[in-house]
Amino acid sequence: MIDYTALYPQLENTPIQHWAKALPDLINWNLRPERYAHISDWKAVLNQLPHLKPDRIDLASGVIAHGHAPNGLKEHLMQLRPWRKGPFHLHGLHLDTEWRSDWKWDRLAPHIKPLTDRLVLDIGCGSGYHTWRIAGAGAKLAIGIDPQPLFVCQYFAVKHLLQTHAPAWVLPMALEDIPPSTDTFDTLFSMGILYHRKSPFDHLQHLHTLLQPGGELVLETLITEGPLGYALVPDGRYAKMRNVWFIPSLSTLEQWLQRIGFKQIRTVDITPTSPQEQRSTEWMTFESLPDFLDPTDPKKTIEGYPAPLRATLLAEK
């Protein structure tokens, strides 16, 4: 079920056609059973999924396969929990993920350059919700990357149920794993990644290198209130997350982008994360945003820091 055979012809005559030689070994290495104990179980779930032909698919207004879900489909997909990014609508089954990623898409989609015929990289894509939406917006090729094999298996489950040849792929790798590439992508999405990086400048520089001249960066990340030059460095956890290193003020983040060499920097959205946008569901039963906030003051995290505030910025190389 995990099969990238159809990807390699799609790489031909693109700036990443050289990836075709490196990807088979990278994929096999990152999906090896010795690294992840449950990957054999997840693959078994994929092999048990029913073969369904959608009446129609819709990647423009969501990730939707119109049709009728047979008995047992929900139970199969439940075995791939937790589902974090979505939602997905698959043959009448509403897969209600932790994040309302469609809300994030609706906030940024009116502002970005049209994706028609563009080569796009979606970093930290999870199960590939936004990667599918990028393909649905007309991208020539949408490549999502995420190092977690569970998310890759979730992507292939959705792909199997969509029964589509849309040019959207999720590869099991981190940004550091991709083959060397310079001046490559027309559009690059980095959403919910920057604050997990020990060196935000190294991350932004890598993104700048990957973009073609004139290419567009779509950057979504946590910000905090504060003057130019200020960044919150949590002492330990932030909203129960261990790996949050820097949360800059908006003016500081804009300055970081300028120093790397990005141009035409603009902030197109600032939205506090709400318990309606991130929450536990039957598809993701672990703790979520309501558990990360101070129960007596939802404007603060459980540790006493300002509650999550997210900004989406666009910038050009």
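Could you list all residues from region 81-123 that are under 21 Å from GLN264 (Cβ atoms) and not charged (D, E, K, R)? Listed by number, the residues that qualify are LEU108, ALA109, PRO110, HIS111, ILE112, PRO114, LEU115, THR116, LEU119, VAL120, LEU121, ILE123. Strands (runs of 3 or more DSSP E) fully within region 238-317 that include at least 3 residues being buried (at least 17 other Cβ atoms within 10 Å of the Cβ): 309-316.
Per-residue answers, yes or no, for (1) farther than 18 Å from TYR129 by Cβ; (2) touching a helix residue (DSSP H, G or I) at 6+ places or on another chain (Cβ under 9 Å); (3) open to solvent by 30 Å² or more (accessible area, probe 1.4 Å):
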residue	(1), (2), (3)
GLU34	yes, no, yes
SER40	yes, no, yes
ALA65	no, yes, no
PRO82	no, yes, no
TRP99	no, yes, yes
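Of PRO200, PRO180, PRO172, PRO147, all but one fail to be without any contact (Cβ under 8 Å) to a residue 24 or more places away in the chain and out of contact with any Lys or Arg (no Cβ under 9 Å at 6 or more places or on another chain); the exception is PRO180.
Return yes when GLY126 is part of a loop (DSSP other than H, G, I, E, B), surrounded by 17 or more Cβ atoms within 10 Å (Cβ to Cβ), small (Gly, Ala, Ser) and modelled with pLDDT of 95 or more and no when it is not. Yes. When restricted to residues that are open to solvent by 10 Å² or more (accessible area, probe 1.4 Å) and either in contact with an Asp or Glu (Cβ under 7 Å, 6 or more places away or on another chain) or within 29 Å of ASN30 (Cα to Cα) (or both), region 105-118 contains 5. The one condition from (1) open to solvent by 10 Å² or more (accessible area, probe 1.4 Å); (2) in a helix (DSSP H, G or I) that HIS89 does not meet is (2).
Checked against (1) over 15 Å from the mean Cα position of the chain (by Cα); (2) within 20 Å of LEU52 (Cα to Cα), PHE88 passes all but a single condition, namely (1). PRO167 meets all of the listed conditions (1) without any contact (Cβ under 8 Å) to a residue 12 or more places away in the chain; (2) touching a strand residue (DSSP E or B) at 6+ places or on another chain (Cβ under 6 Å) but one, namely (1). Within region 49-69, residues that are free of Cβ contacts under 8 Å to residues at least 12 places away in the same chain and under 20 Å from GLY136 (Cβ atoms) sit with their Cβ atoms under 7 Å from residues that are of a type outside the set (Asp, Glu) and outside any loop (DSSP other than H, G, I, E, B), at 6+ positions apart or across chains, in these pairs: ARG56/HIS66. So, ILE134, is that one within 23 Å of LEU219 (Cβ to Cβ), of a type in the set (Val, Ile, Thr) and part of a helix (DSSP H, G or I) or not? When the stated conditions are applied, ILE134 passes them.
The values are calculated or read from the model by the stated rules, or taken from the named source; none is laboratory data. Just so you know, these numbers come straight off a predicted model, no measurement behind them. Cβ coordinates were reconstructed from backbone atoms using ideal geometry, including for glycine residues, and neighbour counts include every protein chain displayed. Just so you know, the surface numbers come from the protein's heavy atoms only, side chains and all, with ligands and any DNA or RNA stripped out. Shrake-Rupley method; radii C 1.70, N 1.55, O 1.52, S 1.80 Å.
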